[in-house]
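Below you will find the structure I want to go over with you.
The values are calculated or read from the model by the stated rules, or taken from the named source; none is laboratory data. What you are looking at is a predicted structure, and each value in this text was computed from that prediction instead of being measured. Neighbour counts run over all protein chains shown; Cβ positions are idealised from the backbone, glycine included.
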Amino acid sequence: MKQASVGFSIFIILVIGVLSQISTDLYTPSLPAIAHGLNVDVNLAQMSVSLFILSQAFTQLFYGPLSEGVGRRITLLFGIAIAGVGSLLCLFAKNIDMLLLGRVIQGAGAGACTALFRSIARDRFSGEQLSGAMAIASNFVVLSIVAAPFVGGIIQQFLDWRAVFFILTLYTVFTWCVVKFLYKETSQHHHKDRLKLNFILQTYRSLFGNRHFIAYSLCVFLTMGGMISWIVSGPVVLIKLVGISPAEFGTLTVFIGAMMLLANFINVRIIKKIGMKNTIYMGLSIMLISGLLMMGLKFIFPIGIMVVFIPALVFVFGATFIWPNTFALAFGPLGEIAGYAGSVYGFIQVLGGAVFGMVISHISEQSQLPVAWMFVASAVGGLLVIRLMTSEPAICRG
């Protein structure tokens, strides 16, 4: 594949993949303001994150088979249009019920992007080229993770939370236009016969019965759970309890982005020496240390930015080693059913965020301790899953 074609394909993948990411990260600095503006408890505002993620998770199981039947392009146009309707509902929400409904609809549409951007990558690339393309994509996703809360915090500081949803609506329209006018169908295997119930059930049965695929998907489930725990509670702890401004919280995400870029830089080099599976073990161990560190600092020092934020940085550093390696190990042999694999993998990953997010939003304790427990749970669970469900010895290079 020509270099220009590679770059253009990665651009398309990024535009599609970033939509669901910024739909959460852009507005998290506004959670306290949303609660105040709609006159509800902050825990209810936090539920808008979990409901978006939960809706996004389950709809992926619909979009995967649909894309195998009618193609990626039509499926994406349909899903992104639904996401746009949800964004508009959130923009004009007059009460928390309307906002939550809008987030459910927005998540239902964004599920198409979450399910299919990996499938498109698998359509276009394979082997080392797939790994390299996803490494490049990961760095740009990191930039979106950094930019979204930073921009969201500034918007909240100088405008209000509705302006955030206006920006989300604009980006949704932009994504739809990119898919409509620039993206050419990449699936070579889609056919209406793949929409038959027997084929769908047989394919899902084979995926859910693939122990290695499920093991690496569950590892991502747990890692995403820990990450969403921070995304949901981090703004509340730092803005409401520590007392920083939304703009200052957005600025802190620059350090998170730097940590993720550093981990990506190390990951590309370390997998050549110790292999992908050992790198996953290393990442999970770092995540465990972060949770224990946050617990320890909680009982030694009064609450403050560094006491909360440094352990979070350590967790993000460890989690960044999980994403590319679990993806490569899970997807390698599944090219002909990439749409289904993408939907199941995305479903399991996003479901982890929804479950952890809903749990932590129902915990009444207002401190960093619930986040610390989620960090520990995600790391210990991941270590057990990889150890018990993958049969290769730990020295395997993936």
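Residues in region 95-148 that are in contact with a helix residue (DSSP H, G or I) (Cβ under 6 Å, 6 or more places away or on another chain), polar (S, T, N, Q) and modelled with pLDDT of 75 or more: how many?
Residues in region 95-148 being in contact with a helix residue (DSSP H, G or I) (Cβ under 6 Å, 6 or more places away or on another chain), polar (S, T, N, Q) and modelled with pLDDT of 75 or more: 3 in total.
With respect to ILE200, is the statement that it is surrounded by fewer than 23 Cβ atoms within 10 Å (Cβ to Cβ), in contact (Cβ under 8 Å) with a residue 12 or more places away in the chain, over 24 Å from the mean Cα position of the chain (by Cα) and not assigned by the TED database to the domain that holds PHE8 true?
Judged against the criteria, ILE200 is a match.
Further, regarding this structure: Would you call SER343 part of a helix (DSSP H, G or I) and either more than 23 Å from PHE140 (Cβ to Cβ) or within 23 Å of the chain's Cα centre (by Cα) (or both)?
yes
Each row is one residue, and each column tells you yes or no for (1) free of Cβ contacts under 8 Å to residues at least 60 places away in the same chain; (2) surrounded by 15 or more Cβ atoms within 10 Å (Cβ to Cβ); (3) assigned by the TED database to the domain that holds ASN43.
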residue: SER217; (1), (2), (3): no, yes, no
residue: VAL232; (1), (2), (3): no, yes, no
residue: VAL236; (1), (2), (3): no, yes, no
residue: GLY243; (1), (2), (3): yes, no, no
residue: LEU262; (1), (2), (3): yes, no, no
residue: MET282; (1), (2), (3): yes, yes, no
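If GLU185 satisfies all but one of (1) charged (D, E, K, R); (2) modelled with pLDDT under 85; (3) closer than 29 Å to GLY37 by Cα, what's the number of the condition it fails?
Condition not satisfied by GLU185: (3).
Return yes or no: is VAL151 outside the structural domain of PHE265 (by the TED database) and at pLDDT below 70?
Considered against the rule, which asks whether it is outside the structural domain of PHE265 (by the TED database) and at pLDDT below 70, VAL151 comes out as no.
Another one. Within the bounds of region 301-315, is there any residue that is under 26 Å from ILE154 (Cα atoms), at pLDDT below 90 and in a helix (DSSP H, G or I)?
Looking through region 301-315, at least one residue is under 26 Å from ILE154 (Cα atoms), at pLDDT below 90 and in a helix (DSSP H, G or I).
Let me ask another. Are any of the residues in region 322-338 outside any helix (DSSP H, G or I), assigned by the TED database to the domain that holds THR251 and crowded, with 22+ Cβ neighbours inside 10 Å?
Checked against the condition, which is being outside any helix (DSSP H, G or I), assigned by the TED database to the domain that holds THR251 and crowded, with 22+ Cβ neighbours inside 10 Å, region 322-338 yields no hits at all.
Oh, and also: Return yes or no: is MET287 more than 19 Å from PHE150 (Cβ to Cβ), out of contact with any Pro (no Cβ under 6 Å at 6 or more places or on another chain) and surrounded by fewer than 22 Cβ atoms within 10 Å (Cβ to Cβ)?
Here the answer is no, as MET287 does not meet what is asked.
Just to check your reading of the model, which residue among GLY283, GLY226, GLY275, GLY234 is in a helix (DSSP H, G or I) and on the phi > 0 side of the Ramachandran plot?
GLY275
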